[in-house]
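Participant: Below is the structure I would like to discuss, written out as structure tokens.
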Amino acid sequence: MKERPFWETKTLAEMSAGEWESLCDGCARCCTLKLDDEEGHVFFTSVVCWVLDHDRCRCKHYPDRHKLVADCVELDADNVAKLNFLPTSCAYRRVAEGRGLAWWHPLVSGSPDTVHEAGISVRGKVVSELDVHPDDLESHIVKWVEA
Ligand code: SF4
Ligand code: SF4
């Protein structure tokens with residue numbers, strides 16, 4: 001009988017460091033700038049952190065990200081369920097909520113390209129925060145990602 005994969009048998013807290021890292025689908029939706037309102041609703045924008053490589057959808061300075069970007073939040077098994085800015089598609093959130101991984105997740109499809117092919121990643125849809133005035137952020141709110 002085929003062994004069930006680790007994301008179906010382990011909780012986030014039980015995963016090894018390698019398993020944890022591999023769980024990220026590479027969408028980079030969490031690297032977009034967000035706005036919120038007084039009721040705590042989160043609105044995603046098409047503006048991304050200046051450190052993101054748009055095409056690869058990967059952080060250009062991953063080991064030093066917290067030194068470079070003060071509000072880059074480190075995900076862990078405890079905070080995933082509490083953070084209100086992770087998209088519904090986020091693999092960590094899906095596992096925490098018992099929804100499993102989607103077909104386009106690289107661990108399921110076996111390819112790092114499916115997250116882009118399925119239109120889940122930010123590739124081709126975003127601009128750098130270096131090119132947008134902070135006062136204009138509201139005009140960049142998008143509907144293709146949900147919190
Ligand atoms: S939203 Fe979740 S799965 Fe997507 S890049 Fe961020 S941490 Fe990874
Ligand atoms: S520092 Fe890297 S991981 Fe953090 S928000 Fe920016 S691009 Fe994303």
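Participant: In the stretch 19-34, what count of residues is obtained for those that are open to solvent by 50 Å² or more (accessible area, probe 1.4 Å) and away from ligand 1 (no atom under 11 Å from the Cβ)?
Facilitator: Counting residues in the stretch 19-34 that are open to solvent by 50 Å² or more (accessible area, probe 1.4 Å) and away from ligand 1 (no atom under 11 Å from the Cβ) gives 1.
Participant: Hey, another quick one. On the basis of being within 25 Å of Asp135 (Cβ to Cβ), open to solvent by 80 Å² or more (accessible area, probe 1.4 Å), more than 10 Å from ligand 2 (Cβ to nearest atom) and more than 13 Å from the chain's Cα centre (by Cα), does Asp78 make the cut? It would help to see each step written out before you state the result.
Facilitator: Numbers: within 25 Å of Asp135 (Cβ to Cβ): no; open to solvent by 80 Å² or more (accessible area, probe 1.4 Å): yes; more than 10 Å from ligand 2 (Cβ to nearest atom): yes; more than 13 Å from the chain's Cα centre (by Cα): yes.
It is false that Asp78 is within 25 Å of Asp135 (Cβ to Cβ), open to solvent by 80 Å² or more (accessible area, probe 1.4 Å), more than 10 Å from ligand 2 (Cβ to nearest atom) and more than 13 Å from the chain's Cα centre (by Cα).
Participant: Hey, another quick one. Considering only residues that are near ligand 2 (Cβ under 8 Å from one of its atoms), assigned to a helix (DSSP H, G or I) and not hydrophobic (A, V, I, L, M, F, W, C), look in the stretch 50-75 and name the one that is surrounded by the fewest Cβ atoms within 10 Å (Cβ to Cβ).
Facilitator: Step by step, filter the stretch 50-75, then rank; the result is Tyr62.
Participant: Would you check which residues across the stretch 37-49 are in contact (Cβ under 8 Å) with a residue 40 or more places away in the chain and open to solvent by 40 Å² or more (accessible area, probe 1.4 Å) and list them? Outline the logic, then answer.
Facilitator: Applying the first criterion (in contact (Cβ under 8 Å) with a residue 40 or more places away in the chain) to the stretch 37-49 yields 40-49.
Matches in the stretch 37-49: His41, Phe43.
Participant: Identify all residues within the stretch 107-147 that are open to solvent by 30 Å² or more (accessible area, probe 1.4 Å), farther than 17 Å from Phe85 by Cα and part of a helix (DSSP H, G or I); write none if there are none.
Facilitator: Leu107, Val108, Ser109, His116, Glu117, Glu129, Leu130, Asp131, Pro134, Asp135, Asp136, Ser139
The values are calculated or read from the model by the stated rules, or taken from the named source; none is laboratory data. Bear in mind the structure is a predicted one, so any value in this text is a computation, not a measurement. Neighbour counts are summed over all protein chains in view; Cβ atoms, including those assigned to glycine, are modelled from backbone coordinates with ideal geometry. The area values use the complete protein model at the heavy-atom level, side chains included, leaving out ligands, DNA and RNA. Shrake-Rupley method; radii C 1.70, N 1.55, O 1.52, S 1.80 Å.
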